[in-house]
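Below you'll find the structure, written out as structure tokens, and then a few comments.
The values are calculated or read from the model by the stated rules, or taken from the named source; none is laboratory data. Keep in mind the model is a prediction, meaning the values are calculated, not measured. Glycine gets a Cβ as well: all are built from the backbone with ideal geometry, and neighbour counts include every protein chain shown. Side chains are part of the model used for accessible areas, which takes the heavy atoms of the whole protein and leaves out ligands, DNA and RNA. Shrake-Rupley method; radii C 1.70, N 1.55, O 1.52, S 1.80 Å.
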Amino acid sequence: MHTGEQYHNFMLASERDRAVRGRFQRMALDLLDKNAGILDFGAGTGIDAKTYSAHGHPTFVYEPSEAMRNYLGQHCQDEIGRRTIVSVTSPSECKVQAVTANFAVLNHIEDHAPLFEELSRTVSPGGFVLASMLNPYYLGDARYRWWRRNLTTLMRSGHYAIASESRIHRFAPCVVARAAQPFFRLERLTPRGLGLATHLYMFLLFRRT
């Protein structure tokens, strides 16, 4: 377990994580219309939210962890004071063009179907959900016994959970895409093909139908 401050400092100190975050933010910002609203789902300490707000997007943040929320309140104090960042207790409290879920937020949810149904009431028609998820095909994890032990399960069912305190889940993209229907369709997967073997995170772009 980490405090919000520890998590915040760790993420900013990691060169790899900063690079992944930068790519994710650029993709989200390129897709957003000017001044369009966005919900940062699982906002953590507000690193992404602060960037979206700085680019002129009204930003809502949903974060269930009290430790993360407390530090988000410090990190985004000025934006919260100006109400360019607004905390919500449920996605249904806002209506936006886009929802982002960065750094494996969706990997902590076993069944995505109810979530996508809920987000369909939050995202306006034609809007999108952009999620950064742990890549189950990443060969860098092949050195771990849990990866090798679950490979057959992944190929058979497209999903497995790691036996740990957090019980984090790994999903094949097709499994998440099926859960998103009929409210969203998978429009883009990054990377694709052989790139999936070399990237820890994959970006999934879902378009509101």
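A compact table of results
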item: Qualifying residue in the range 169-176 (condition: without any contact (Cβ under 8 Å) to a residue 12 or more places away in the chain and either among the charged types (D, E, K, R) or in a strand (DSSP E or B) (or both)); result: no
item: T51 crowded, with 24+ Cβ neighbours inside 10 Å and either over 23 Å from M133 (Cα atoms) or among the β-branched types (V, I, T) (or both); result: no
item: Criterion: farther than 18 Å from F184 by Cα and in a loop (DSSP other than H, G, I, E, B) - qualifying residue of A36, A67; result: A36
item: When residues of the range 85-114 are limited to those that are touching a residue at least 12 places away in the same chain (Cβ under 8 Å) and part of a helix (DSSP H, G or I), the one nearest to L12 (Cα to Cα); result: V105
item: The range 159-168: number of residues that are hydroxyl-bearing (S, T, Y) and either at pLDDT 95 or above or not in a loop (DSSP other than H, G, I, E, B) (or both); result: 1
item: Qualifying residue in the range 179-186 (condition: closer than 17 Å to A28 by Cβ, touching a residue at least 24 places away in the same chain (Cβ under 8 Å) and crowded, with 19+ Cβ neighbours inside 10 Å); result: yes
item: Top-ranked residue of the range 155-169 - restricted to ones that are in contact with a Leu (Cβ under 9 Å, 6 or more places away or on another chain) and within 27 Å of A28 (Cα to Cα), ranked as surrounded by the most Cβ atoms within 10 Å (Cβ to Cβ); result: H169
item: Residues (β-branched (V, I, T) and closer than 23 Å to A163 by Cα) located in the range 90-114; result: V105, I109
item: S92 at pLDDT 95 or above and surrounded by fewer than 14 Cβ atoms within 10 Å (Cβ to Cβ); result: yes
item: Identity of the residue in the range 115-146, farther than 19 Å from A163 by Cα and part of a loop (DSSP other than H, G, I, E, B), that ends up nearest to the chain's Cα centre (by Cα); result: T122
item: Index of the failed condition, F60 passing every other in (1) within 14 Å of A131 (Cα to Cα); (2) open to solvent by 30 Å² or more (accessible area, probe 1.4 Å); (3) not in a helix (DSSP H, G or I); result: (1)
item: Index of the failed condition, T122 passing every other in (1) under 23 Å from F24 (Cβ atoms); (2) polar (S, T, N, Q); (3) open to solvent by 30 Å² or more (accessible area, probe 1.4 Å); result: (3)
item: Hey, R23 under 28 Å from F184 (Cα atoms) and in a helix (DSSP H, G or I) or not; result: yes
item: Index of the failed condition, T152 passing every other in (1) touching a Ser or Thr at 6+ places or on another chain (Cβ under 6 Å); (2) of a type outside the set (A, V, I, L, M, F, W, C); (3) open to solvent by 30 Å² or more (accessible area, probe 1.4 Å); result: (1)
item: Residue match in the range 73-80 (condition: under 18 Å from the mean Cα position of the chain (by Cα) and either farther than 19 Å from G4 by Cα or open to solvent by less than 30 Å² (accessible area, probe 1.4 Å) (or both)); result: no
